[in-house]
Amino acid sequence: MTDQQPNGAEIVIKALVDQGVDVIFGYPGGAVLPVYDALFKQNRVRHILVRHEQAAVHAAEGYARSTGKVGVVLVTSGPGATNAVTGLTDALMDSIPIICFTGQVPTHLIGNDAFQEADTTGITRPCTKHNYLVKDVNQLARTIHEAFHVARSGRPGPVVIDLPKDVQFAPGTYVAREDVVHRTYRPQTEPDPKAVAAAVDMLEQAKRPVFYVGGGVINSGPEASKALTELVRTTGYPCTMTLMGLGAYPASDPQSLGMLGMHGSYEANLVMHGCDLMVAVGSRFDDRVTGNLTKFSPGSRKIHIDIDPSSINKNVRVDLPIIGDAGATIAAILAEWKRRKAKPDRVALKAWWKQIEEWRARDCFRYEATDRVIKPQYALERLYAATRGRETFITTEVGQHQMWAAQFLKFEQPNRWMTSGGLGTMGYGLPAAMGVQIAHPDALVIDVAGEASILMNIQEMSTLAQYRLPVKIFILNNQWMGMVRQWQELLHGARYSESYSDSLPDFVKLAEAFGAVGLRATKVDELDAVIKEMIETPRPVIVDCCVDQKENCFPMIPSGAAHNEMLLGPGDRRESSVSDEGMVLV
Amino acid sequence: MSDIRRHTIAVLVDNEPGVLARVIGLFSGRGYNIESLTVAEVDPEVHLSRITVVTSGTPMIIEQIKAQLDRLVPVHAVRDLTLEGKSVERELALIKVAGTGDKRIESLRLADIFRARVIDSTIESFVFEMTGSTEKLDAFIGLMRPLGLVDVSRTGVVAISRGAQAL
Ligand SMILES: Cc1ncc(C[n+]2csc(CCOP(=O)(O)OP(=O)(O)O)c2C)c(N)n1
Ligand SMILES: [Mg+2]
């Protein structure tokens, strides 16, 4: 019979195909077996079997962030769903579009404390952009299409669809993607032309301007980065990027000031402090960026371009909010600037750049060069030199190595840099790299890791082996939870409570145990050869790069301090650098 | 901070499971105040519910609350009735007063002045129903306290703008 109705599980697959999904990341269990059965009977959607549900979500994040598509996850009820929570929260904080299907006990058992039951919609309500519990199979297709719409439009984010097992078995009606329009959810993407004109007025009048660019530009798509680059170059104004915004503007361009914020560049932070016009594009005045709010950029007028109205005036009062898609808004500003044949204030701009060059001349990322021990910064410089010009994607774990990666690896394009910014999730990098490699099978994908973070999702080595994903894990092994140690040194009288990475595995043997290649560099003169071998090996590789254990990450804006109160290096450690109010900050 | 003000916000939402939990979770998760919250379906045909929430905060916090509410997917409209022109606010209370003798007579006399209705009575108790502004209800309940107040149930504020405009 050809007109037989599909069951819920088949509807899931049909809807995925309809949405253009060709790969999903998941882990089976009792409550999703019908969907796994439907997967088995088809070959349009590929399933990647991870080794932990958290990794499924991070893999989907890596996939999404490197392609601009929605990442899709499938997990079982109860522990499957709760294991996914960290990944969902990560995706929410960094605005990554994810659809996560969770199995659920049959509808008649919901609320009975049934085996592997969890209140998944309850648990995930605060860590998703939206979630659904589908109780009627005839609503399933519509719900899935709606969920994709919600996940990818406006400020993107994760959406959970909880699927009771009986709904997966029940036959129902399929509704096609084009037949579903969301009743209410239609975020504003086109900016108000009046606001655009006002922005150009302000841009024309500026004497000390700066563009402060965040992940919203990346989320808006590569066209947004192109438009931004053109606007920055046309105006001649400086541009700094947040951790999430790296790649939105080419790092090698002289107008780039690099990253700003707690471990950002001296020049970027001083420009933010001293500017008279700040143009925030797809950035959210996060506390890692602003430092002490009361001392934040005291003399500037501020324009804030964001697709999420709730980001506006949340932390910092702005003079001109523009609600809209970053790309569309920048393009509109650029068009208006050109239409007016606007000119920057040449004299003021020249003086501004002269000041900026003086700050830049401090060479704030400088570190003590030595051949005694591998400095982590040096290792990353060599890694960058070896990967330049290749199609390279970088993911990171969380800690000092992450900040050094942001400082020393240069991104010329968007979608090449995936890191856990908002949540700061150790264990993100390896699974994210898996997702990136799935999307870009021939690219060089490197997870810059710390020895502590990598152990948080090390089981995914097995996934790399199964799918022959040649991901490279470059561990900057300092034998410490370096970032924790650095804070203890600075704030807690160097009492290194539980921050030593004791009883580490032999990472070379560990790699081999998982069928990967293990390499180690302990001396400066071994480094280049190890990096070369890593890159040339067409298999998964772990590099155990043994680096200086004592190195700290500078510059640093201590908690509670302002942009112009940065510490530039170990010699710059003022005793009173952290105030009492600063101590309580994270 | 001295610029903390009380605002009445009306929210039109899809009447679907979990929508109230979303709204309440937003307030508790972000540390906003709820002074009162009422909800009921107002359009059964399209399943729309109206939530009236009374909250307080600085202008910046109030702006955040509205933007965060508006961001919830099932939310259709968010209106700040305190800021947008004139509105009327009412609350309903059921007030149980127990006692005999003079106190009982006095409570009845005050109820009359306040235009509270008696909707249940026994020899030793009354239940009054009263509608009015929050302040009026507060005042009446305050007067009932020494007269044998034993129980109060209040709806919280419902509000609507004056004039011909809909939400
Ligand atoms: C899941 C999780 N737990 C704890 C932390 C707190 N934390 C931040 S950095 C860090 C240490 C990371 O150590 P390592 O991976 O070795 O990186 P390093 O700082 O040494 O480069 C810790 C514990 C975190 N960010 N994420
Ligand atoms: Mg470490």
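Values quoted throughout were computed directly from the atomic coordinates according to the rules given, and no laboratory measurement underlies them. From a predicted model like this one, the values you see are computed outputs, not experimental measurements. Note: ideal-geometry Cβ built from the backbone for every residue, glycine included; neighbour counts use all protein chains shown.
Points worth noting:
- Selected from B:101, B:126, B:76, residue furthest toward positive end of dipole (the stretch B:11-157; charges at beta carbon): B:101
- Taking a point 7 Å out from the Cα of residue A:4 in the direction of its Cβ, the residues of the stretch A:13-35 whose backbone N falls within less than 19 Å of it are A:13-15, A:34-35.
- Ranking A:490, A:505, A:473 by how far each Cα lies toward the positive end of the dipole of the stretch A:469-509 (charges on Cβ) leaves A:473 at the top.
- Charged-residue dipole, Cβ positions (Lys, Arg, Asp, Glu), the stretch A:233-329 about Cα centre, Debye nearest 20: 200
- Taking other Cβ atoms within 10 Å as a rough exposure proxy, A:153, A:252, A:503 sort from fewest to most as A:503, A:252, A:153.
- Close amide H pairs (under 5 Å, H built 1.01 Å from N) link residue B:87 with B:162, residues at least 5 positions away or on another chain.
- For the stretch B:5-80, the Kirkwood estimate of hydrodynamic radius, built from reciprocal distances between every pair of different alpha carbons, is 12.3 Å.
- Note on residue A:390 and residue A:40: with the Förster distance fixed at 41 Å, the Cβ-Cβ geometry gives a FRET efficiency of about 0.65.
- For the stretch A:410-419, Karplus couplings with θ = phi - 60° (6.51, -1.76, 1.60), whole Hz, Gly/Pro x: 10, 10, 9, 9, x, 6, 10, 9, 10, 8
- Dipole moment magnitude, nearest 20 debye, the protein assembly as shown about Cα centre, only Lys, Arg, Asp, Glu C-beta charged: 1620
- Across the cross-link table entries A:472/A:509; A:314/B:86; A:69/A:129; A:69/A:314, which are compared at the Cα atoms, the separations over 19 Å belong to A:314/B:86; A:69/A:314.
- Other-chain or far-sequence residues with amide H under 5 Å of residue A:301's (modelled H): A:277, A:278
- 3J(HN,Hα) from dihedral phi, the stretch A:400-408, Karplus parametrisation 6.51/-1.76/1.60, rounded to Hz, x for glycine, proline: 4, 4, 5, 5, 5, 4, 5, 7, 9
- Within straight-line cross-link reach of residue A:354, aspartates and glutamates at Cα separation under 12 Å, skipping those fewer than 8 residues along the same chain: A:267
- Going from the residue with the fewest nearby Cβ atoms within 10 Å to the one with the most, A:273, A:263 rank A:273, A:263.
- Spacing of the two label points (7 Å from each Cα toward its C-beta) at residue B:45 and residue A:139, in nm: 2.1
- Ellipsoid semi-axes in whole angstrom, largest first, where each is sqrt(5λ) of the Cα gyration tensor of chain B: 35, 17, 15
- Only Lys, Arg (+1) and Asp, Glu (-1) charged, at Cβ; the stretch B:5-80 dipole about Cα centre in debye: 380
- Prolate/oblate/rounded call for the stretch A:249-365, Cα gyration tensor, a/c under 1.5 rounded: oblate
- Our summary of shape: the Cα atoms of the stretch A:24-105 have principal axis extents of 32, 28, 18 Å, ordered from largest down, in whole angstrom.
- In nm, spacing of pseudo-spin labels at residue A:169 and residue A:513 (7 Å Cα→C-beta vector): 4.1
- Here the extension length gained between residue A:523 and residue A:363 equals 55.0 nm, from 0.36 nm per residue of separation less the Cα-Cα distance.
- Candidates A:252, A:202, A:307 compared by Cα position along the dipole of the stretch A:193-360: farthest toward the positive end lies A:202, with charges placed on Cβ.
- Rounded, prolate or oblate (a/c below 1.5 giving rounded, otherwise prolate when a/b exceeds b/c) for the stretch A:2-179 by Cα gyration tensor: rounded
- Sequence-distant residues sharing a close amide H with residue A:73 (under 5 Å, placed H): A:25, A:99, A:100, A:101
- Helical content of chain A, expressed as a calculated mean residue ellipticity at 222 nm, amounts to -10500 deg cm²/dmol (DSSP H runs of 4 or more residues, -39,500 (n - 2.57) each, divided by residue number, nearest 500).
- Centre-to-centre separation between the Cα atoms of the stretch B:101-134 and those of the stretch A:138-213: 53 Å.
- Rough spin-label spacing in nm, given labels placed 7 Å along Cα→Cβ, for residue A:371 and residue B:115: 9.5
- Here the stretch B:52-95 is scanned for amide nitrogen atoms under 14 Å from the site 7 Å beyond the Cα of residue B:4 along Cα-to-Cβ, giving B:55-62.
- Centre separation in Å (Cα based) which lies between the stretch B:29-81 and the stretch A:336-375: 45
- At full extension, residue A:500 and residue A:223 could sit 95.3 nm farther apart than now, given 0.36 nm per residue minus the alpha carbon distance.
- When peptides A:103-110, A:92-99, A:21-28, A:60-67 are ranked by their average number of other Cβ atoms within 10 Å per residue, the highest-first order is A:60-67, A:92-99, A:21-28, A:103-110.
- Out of every Cα-Cα pair that chain A contains, those further apart than 41 angstrom amount to 26 percent.
- Candidate cross-link partners of residue B:136 among the aspartates and glutamates, defined by an alpha-carbon separation under 15 Å and a same-chain spacing of 8 or more, comprise B:89, B:91, B:112.
- Rounded to whole Hz, the Karplus (6.51, -1.76, 1.60) HN-Hα couplings of the stretch B:27-32, x for glycine and proline: 5, 6, x, 9, x, 8
- Measuring between their Cα centroids, the stretch A:247-261 and the stretch B:5-20 lie 43 Å from each other.
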